[in-house]
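Report on the following structure.
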Amino acid sequence: MKILQSWTAGVWTGAEPRQVLHSAIDGSAIYASHVEILDFQAALTYARQIGLKNLLALDFQQRAAILRALAKYLTEHKEALYAISSHTGATRGDSWIDIEGGAGTVFAYASIGTNEFPSGNVVHEGPAMQLGKQGHFSGTHILVPRQGVAVHINAFNFPVWGLLEKFAPSFLAGMPCIVKPATATSYLTEALVRQIHVSGLLPEGSLQLIIGATGNLLDLLEETDVVTFTGSAATAAQLKVHPNIVRRSIPFNAEADSLNCAILGPDIVDGDEEVDLYVKEVVREMTAKAGQKCTAIRRAMVPAAQLDAVAEKIRTRLDKTVVGDPRLEGVLGVRGVLMGPLASRAQQHDVLASIQQLAAGNQIICGGTVPAQLQGEGLEQGAFVSPTLIICRQPMENSAVHEIEAFGPVATLMPYQDMQEALMLAAKGNGSLVATLVTKDPHVAAMAIPHMAARHGRLMILNAESAPESTGHGSPLPQLKHGGPGRAGGGEELGGGRAVKHYLQRAAVQGSPTMLAAVTAEHVRGAAVLESDIHPFRRYFEDLQIGMSLLTHRRTVAEADIVAFGGLSGDYFYMHFDEIAAKESPFGKRIAHGYFVLSAAAGLFVSPAPGPVLANYGLDTLRFIKPVGIGDTIRARLTCKRKTDRQKKDAKGVGQGVVAWDVEVTNQDNELVAAYDILTLVAKKAGAIA
Ligand code: NDP
């Protein structure tokens, strides 16, 4: 029996056994937590003095590059984790969600870091807004690393994904992490952290692991720190009001158990493809990870007329679910195991007890006990529970089915009379992570989804059109918010860049545009510019400075320009060509095409010969502010707005960075007529084309 070790303050600790951990498959003792008590103050000091310093020596782009390398490393070494994962009861398919889902989430955050976050460690949440009449006083928002430590407390059901989905955004935000996995499956998390340690990819101090209890850790936290929690609603409620967390206003993000639902829409009738899609989704959510997913469907609501037919279809599918040793999934000559045991005997005990509570006054359609038949040998001490379907015929009266969560392969089917009643039943969960609505009718979706959004963190609309590409009810995605209101904990995880921002501190900043530009490392309109003697397009990435600017020569717009542009583009809109209609328009005269102004501005500021600008790949925030009429004279100001070093090279090995340019087009009265950002790739010096 191996003794698990904690990894804190740069040392692996653990030599004496404390709590014995059993394989979920056969109950054999496989690991033990350690008895040694950790010095949590030392762990925090190490995180603050070593981890934080190392993380903040890097910027968002560099941390994103480390995440990418880590995701690659974990993918290459995944088999070692698969081998251990089966002891948690997971089939290979279940482990895929945890292990490759975890690495995939790290990959996703690497891309989010690269694409959405700046070089440096200040995120500008612009645009800046002018506060004074003369343009000398403006305000904006910035987000900065909190300069604290993230403590992540995780549930037993996703030992790998649970760590990685919280670690990736907090690492990107520059927070060292102390992770405490649920003890029952902490052996898999320990194996993951050992892999990460061996990889040598993370800066020292950026990740620590606690096996066992958190001792006085929460008492020692400071206002710059963050706690995240995944687990039961009861523990969340207890930790949320920890005196030190309350006293210091330490952000506490909870993701707790919830009674997620799936509604078969009132427009779906017997024979529709959507009935089968609904049944498949409910069965998949009951059996994947043996129903031990915080997002699993616990309450299935169907039109009353379809209740018994849907129950029969679900039961038939569940009957075909082979339960047994998860290592026998897909083994030749054996009926492939589709569902393994629960994570521990304690969970098995809890789930069987919850089924008894749910069954009171209701009808168990199938399951409800330990399976009579199991695929595999020596499984008597395993933590198995049969897939269990319960019917509740009076769901408006029965509160237990909306309150008791059996965290296993268990769902309750309930009828509704009309959509209003379905929505009332959904709301009885008092806040959930996710709900699915199966409907073909956009009107049903438009009516129901905004209503449901008040109580559900994520909503999936399923039908024959979306099903072939659907990622499924139960899969939180790195790009989309994960977390729900009320009983689900009230927290938010994932959600693309939003997740990173949860670990950053937002501040409003006021001052002159020049000061705001200096702070945000981004040109702010009205800030002093650096008139450039060399055309800014002729400067390499390294030589460009924020604020370097070019004021172009002028150009008077003639009628011939409008006619020529109309001919070229085929745009003969009356505003440009019909003297009489244009007179009656809000502008009272013929005006130039907005896209002509844009094109003419490019003609004014471009430096035509080959140079460091490799590509123009887009344009942001375009506004046509004032019309340009025949005889107006325009000019452009091109200013280097933002530089992002994504540490990339092109196919020829030329290093390059992203440069956003602020373009302001003005008329003869110095009024702004158009404004936008153009996005370019600019070569670095070494190896650049001259
Ligand atoms: P718990 O809430 O008991 O535990 C969750 C995590 O919190 C574990 O790491 C646990 O550590 C830790 N913990 C418990 N008490 C404290 C404390 N006082 N201070 C610091 N950390 C603490 O949930 P379980 O994992 O035992 O699961 C129980 C139920 O929670 C399940 O049956 C299910 O209903 C629900 N659940 C919900 C999940 C979700 O994602 N929403 C996921 C998993 C479970 P330790 O393991 O060492 O006790």
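The values are calculated or read from the model by the stated rules, or taken from the named source; none is laboratory data. As the structure is a computational prediction, the values presented were derived from the model and not from experiment. Note: ideal-geometry Cβ built from the backbone for every residue, glycine included; neighbour counts use all protein chains shown. The area values use the complete protein model at the heavy-atom level, side chains included, leaving out ligands, DNA and RNA. Shrake-Rupley method; radii C 1.70, N 1.55, O 1.52, S 1.80 Å.
Grab the other residues whose beta carbon is less than 12 angstrom from that of ILE142, score K and R as +1, D and E as -1, and report the net.
Neighbourhood net charge equals 0.
Name the trypsin sites (Lys or Arg not before Pro) in the range 279-372 that are in a loop by DSSP and that have at most 15 other C-beta atoms within 10 Å, would you?
Hits after loop and neighbour filter: LYS320, ARG335.
Among DSSP bridges having both ends in the chain, what percentage is antiparallel? Round to the nearest 5.
The answer is about 60 percent antiparallel.
With all protein chains present and a 1.4 Å probe, how do MET548, MET447, MET396 order by accessible area, largest first?
MET447, MET396, MET548
Straight-line reach from LYS685: which aspartates and glutamates fall under 18 Å, measuring Cα to Cα and dropping same-chain residues less than 8 apart?
Correct list for LYS685: GLU542, ASP543, ASP645, ASP650.
Once each part is reduced to its C-alpha centroid, what is the distance from the range 281-315 to the range 157-211 in angstrom?
33 Å
What do you get for Rg/Rh over the range 245-333 if you use C-alpha atoms and the Kirkwood form of Rh?
My calculation puts Rg/Rh at 1.15.
Would you mind calculating the gained length between ALA359 and ARG18 on full extension (0.36 nm times residue separation, minus the Cα-Cα distance), in nm to one decimal?
119.1 nm
Given a Förster radius of 25 Å and the C-beta distance between ASP650 and LEU622 as r, what FRET efficiency does 1/(1 + (r/R0)^6) yield to the nearest 0.05?
In this case the efficiency is close to 0.40.
Using the Kirkwood formula over every pair of different C-alpha atoms, what hydrodynamic radius in Å results for the range 517-613?
Value: 16.3 Å, from the Cα pair sum.
Check cross-link reach from LYS166 to the lysines: straight Cα distance under 23 Å, and skip same-chain residues fewer than eight apart.
LYS53, LYS72, LYS78, LYS180, LYS240, LYS289, LYS293, LYS481, LYS501
Any chance you could run the full-extension gain for ALA518 through ILE3? It's 0.36 nm times the residue separation minus the Cα-Cα distance, nm to one decimal.
The ALA518-ILE3 span can extend by a further 180.1 nm.
With all protein chains present, calculate the accessible area of LEU74 using a 1.4 Å probe and round the result to the nearest 10 Å².
Roll a 1.4 Å probe over it and LEU74 shows about 10 Å².
With the crude spin-label approximation of a point 7 Å out along Cα→Cβ, what separation in nm comes out for ALA29 versus ASP441?
6.1 nm
Which residues in the range 456-470 place their backbone N less than 19 Å from a point set 7 Å from the Cα of ASP276 along the Cα-to-Cβ direction?
462-470
Could you check how much of the accessible area of the chain is carbon and sulfur, as a whole percent, using a 1.4 Å probe?
The value for the chain is 54 percent carbon and sulfur by accessible area.
For LYS626, which lysines qualify as cross-link partners when the Cα separation must be under 19 Å and same-chain residues fewer than eight apart are set aside?
Cross-link targets: LYS583, LYS589.
Taking the inverse of the average 1/r across all pairs of different Cα atoms in the chain, what Kirkwood radius in Å do you get?
28.5 Å
In 10 Å bins starting at 0, how do the alpha-carbon pair distances of the range 153-217 split up by percent?
Binned Cα distances yield the sequence 22, 57, 21, 0.
Report the FRET efficiency, 1/(1 + (r/R0)^6), for LYS589 and GLN510, where r is their Cβ-Cβ distance and R0 is 41 Å, rounded to 0.05.
0.50
Just to verify a number: FRET efficiency for ALA400 and THR45, C-beta to C-beta distance, R0 = 56 Å, to 0.05?
Computed FRET efficiency for ALA400 and THR45 comes out at 0.70.
Roughly speaking, what is the stretch gain from LYS53 to SER607, that is 0.36 nm per residue apart minus the C-alpha to C-alpha distance, in nm to one decimal?
195.2 nm
Could I have the simple spin-label model distance between ALA528 and ALA237, label points 7 Å from Cα toward Cβ, reported in nm to one decimal?
6.0 nm
Could you let me know the centre-to-centre spacing of the range 371-444 and the range 587-605, using Cα atoms, in angstrom?
60 Å
Nearest 20 debye, what's the magnitude of the dipole of the range 21-169 about its Cα centre given +1 on Lys and Arg Cβ and -1 on Asp and Glu Cβ?
Computed about the Cα centre, the dipole is about 600 debye.
In Å, what is the Rg of the alpha-carbon atoms in the range 1-109, and how long is Dmax?
Cα only, the range 1-109: 17.3, 48 Å (Rg, Dmax).
Residue-wise, which Karplus ³J(HN,Hα) couplings in Hz belong to the range 65-78, taking 6.51 cos²θ - 1.76 cosθ + 1.60, θ = phi - 60°, and x for glycine or proline?
Along the range 65-78, the couplings run 5, 5, 4, 4, 5, 5, 4, 5, 4, 5, 5, 5, 10, 5 Hz.
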